[in-house]
Amino acid sequence: MGRFRRTARWALRIVGIVVTLACVIGLGRFLWPQPGIDAQPGSTERQLAFLRDALDDGADVAAQSQFPEGHFFLNALYGLSWVQAARTDPGLREQALRESRWALRRVESADGRAVFSPALRPAYGVFWAGWTNWLRGAILSLDAGDPAEVQRFAAHSAEIAAAFEASETPFLQAYHGQAWPVDSTVAVASLRLHDRLFGERFGAVTTRWLAAARAHLDPATGLLPHDVTPDGTQLDGARATSQTVILRFLPELDADFARDQYRLFRDQFLTYPGGFGPALREYPRGVDKPGDVDSGPLVAGISLSATVVGLGAARVNGDHELAAALGAEGELLGLPVDLPGSKRYAFGLVPIGDAFVVWSSTARPLTTEPAAGELDLRWWWRVPWLIVLGVLAVVPWIGSLVGALRRNPAPLGRSGGREGTPQTISS
């Protein structure tokens with residue numbers, strides 16, 4: 001019995017050491033300064049190295065079973081993250097071109113187009129067409145020396161523009177009978193990128209789209225809706241899953257419109273559940289619904305995916321404080337495994353999540369400069385996290401501390417009083 005007790009005590013001590021060490025490491029990651037919106041994490045190359053290995057092992061095929069655009073997104077975000085990284089660090093240019101071109105070939109492959117319909121206009125729907133065109137334009141922003149690629153970009157941009165010109169609604173279909181305004185926002189941003197790189201051609205289409213988009217705002221929030229019918233009728237109001245992506249691209253199109261939309265979004269979706277946060281609700285405050293295939297599971301109404309992507313939206317909209325806070329929380333809660341040659345989150349179990357993280361943490365506009373924002377957070381937002389970390393670090397040792405105090409009470413002086421306390425001298 002004595003041996004069992006000794007073994008149990010040592011086991012508990014080891015667990016206590018592990019818990020305390022994890023809290024100390026988490027505290028360090030949480031308090032470590034986050035890069036400004038004109039910089040990027042020093043671990044970016046290691047994150048991208050992990051993603052390339054995962055893609056080589058078939059992570060995009062696995063992601064496709066998780067949600068409809070998994071294969072496409074994992075490859076597209078990998079390529080875009082390399083371009084963004086090279087725009088911040090020109091020393092990465094050659095590697096970024098090689099990797100992003102490789103990613104572009106994969107999104108244009110039969111597997112990359114498999115779930116999309118060639119009968120739609122633009123071909124394969126506005127989701128596939130818009131993101132592919134944005135990726136191609138992003139690559140050309142690093143190197144426009146290939147005439148064939150420049151011509152492809154012009155041709156695909158013209159196809160997208162023609163589809164918008166022929167449409168009575170600003171929101172084109174991604175699948176037959178299904179349309180999401182976020183997809184059209186990306187596609188129109190790719191037209192703006194074309195004009196920024198190669199001269200004005202699609203300005204009228206972009207201007208018309210912006211006017212039509214303003215006329216189709218969600219009346220409850222003043223933001224672009226999440227889901228509409230093919231004729232533009234709203235099905236679902238603004239939601240963080242799509243807003244965080246929309247707000248990544250609106251600054252490319254119209255700085256004033258983007259600023260107004262971002263402030264509306266922040267006012268209605270930013271929250272501090274139970275005093276913790278900041279985080280992003282999937283639905284605006286006052287609306288509570290369950291998660292779905294778009295948002296994934298919700299925790300107290302919080303969309304974890306939207307909160308991750310919200311880091312990128314904060315960066316391009318000049319929201320320094322929110323970007324830093326979301327980055328710090330990601331380092332604390334994302335269970336990062338940081339090795340000399342790679343970095344992954346959630347132990348690397350969900351590579352599509354890592355793709356969204358690196359795309360968000362390297363976010364920067366391609367047609368303009370980041371907005372200048374003056375938005376604040378609660379000054380005490382770190383305090384609840386610090387209290388929890390402190391308590392968790394100490395809890396494993398409370399029993400030992402109490403036992404030590406009981407075994408070693410404060411010593412008494414020779415006359416029965418505590419040492420250092422003057423004693424009464426009897427006459």
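The values are calculated or read from the model by the stated rules, or taken from the named source; none is laboratory data. Treat the numbers as computed from the prediction; the structure is a model and nothing was measured. No Cβ is skipped: glycine too gets one built from the backbone with ideal geometry, and neighbour counts run over all protein chains shown.
Could you say whether any residue in segment 369-389 is in contact with an Asp or Glu (Cβ under 9 Å, 6 or more places away or on another chain), of a type in the set (Val, Ile, Thr) and surrounded by 13 or more Cβ atoms within 10 Å (Cβ to Cβ)? Scanning segment 369-389 turns up no residue that is in contact with an Asp or Glu (Cβ under 9 Å, 6 or more places away or on another chain), of a type in the set (Val, Ile, Thr) and surrounded by 13 or more Cβ atoms within 10 Å (Cβ to Cβ). Quickly run through segment 199-220 and pick out the residues that are closer than 17 Å to ASP256 by Cα and not in a loop (DSSP other than H, G, I, E, B). Matches in segment 199-220: GLY203, THR206, THR207, ARG208, TRP209, LEU210, ALA211, ALA212, ALA213, ARG214. Counting only residues that are in contact with a His (Cβ under 9 Å, 6 or more places away or on another chain), surrounded by fewer than 17 Cβ atoms within 10 Å (Cβ to Cβ) and small (Gly, Ala, Ser), segment 105-119 holds 3 of them.
Pairs under 9 Å by beta carbon, first residue in a helix (DSSP H, G or I) in segment 262-274, partner among the acidic types (Asp, Glu), six or more apart or different chains? Close Cβ pairs satisfying both conditions: TYR262/ASP319; ARG266/ASP319; PHE269/GLU282. When each of ALA144, ALA174, ALA154 is tested for being surrounded by 16 or more Cβ atoms within 10 Å (Cβ to Cβ) and in contact (Cβ under 8 Å) with a residue 12 or more places away in the chain, the lone residue that passes is ALA174.
Which residue, of ALA163, ALA204, is among the small types (Gly, Ala, Ser) and free of Cβ contacts under 8 Å to residues at least 24 places away in the same chain?
ALA204
Residue pairs, Cβ under 7 Å, 6 or more apart or interchain, first in segment 26-45 and in contact (Cβ under 8 Å) with a residue 12 or more places away in the chain, second surrounded by fewer than 16 Cβ atoms within 10 Å (Cβ to Cβ) and not in a helix (DSSP H, G or I). List them. These pairs meet every condition: SER43/ASP338. All of PHE153, PHE67, PHE73, PHE127 fail the test of being hydrophobic (A, V, I, L, M, F, W, C) and in contact with a strand residue (DSSP E or B) (Cβ under 9 Å, 6 or more places away or on another chain), apart from PHE127. For segment 37-62: of the residues being in contact with a Gly (Cβ under 8 Å, 6 or more places away or on another chain) and in a loop (DSSP other than H, G, I, E, B), which is farthest from ARG98 (Cα to Cα)? Within segment 37-62, the match that is farthest from ARG98 (Cα to Cα) is ILE37. Looking at segment 38-53 only, could you name the residues that are crowded, with 16+ Cβ neighbours inside 10 Å and either touching a strand residue (DSSP E or B) at 6+ places or on another chain (Cβ under 8 Å) or among the aromatic types (Phe, Trp, Tyr) (or both)? Within segment 38-53, SER43, ARG46, GLN47, ALA49, PHE50 qualify. Screening VAL358 on (1) of a type in the set (Val, Ile, Thr); (2) buried (at least 17 other Cβ atoms within 10 Å of the Cβ); (3) not in a helix (DSSP H, G or I) shows it passes everything except condition (3).
When each of GLN243, GLN268 is tested for being within 21 Å of the chain's Cα centre (by Cα), modelled with pLDDT of 95 or more and either surrounded by fewer than 18 Cβ atoms within 10 Å (Cβ to Cβ) or more than 23 Å from ALA129 (Cα to Cα) (or both), the lone residue that passes is GLN268. Residues in segment 275-296 that are in contact (Cβ under 8 Å) with a residue 24 or more places away in the chain, of a type outside the set (D, E, K, R) and touching a Leu at 6+ places or on another chain (Cβ under 6 Å): PRO278 alone. Scan segment 219-237 for residues that are free of Cβ contacts under 8 Å to residues at least 60 places away in the same chain and within 19 Å of GLU168 (Cβ to Cβ) and the total you get is 8.
Between SER109, SER81, SER65, the distinction of being within 18 Å of ASP354 (Cα to Cα), of a type in the set (S, T, N, Q) and free of Cβ contacts under 8 Å to residues at least 24 places away in the same chain belongs to SER65 only. Please verify whether ALA279 is touching a Ser or Thr at 6+ places or on another chain (Cβ under 7 Å), within 21 Å of ALA324 (Cβ to Cβ), at pLDDT 95 or above and crowded, with 17+ Cβ neighbours inside 10 Å, treating the condition exactly as stated. So ALA279 fits the description; yes.
Apart from one condition, VAL388 fits all of (1) within 22 Å of PHE276 (Cα to Cα); (2) in a loop (DSSP other than H, G, I, E, B); (3) hydrophobic (A, V, I, L, M, F, W, C); the exception is (2).
Would you point out the residue of segment 2-44, among those that are polar (S, T, N, Q) and over 23 Å from GLY341 (Cα atoms), that is farthest from the chain's Cα centre (by Cα)?
Step by step, filter segment 2-44, then rank; the result is THR7.
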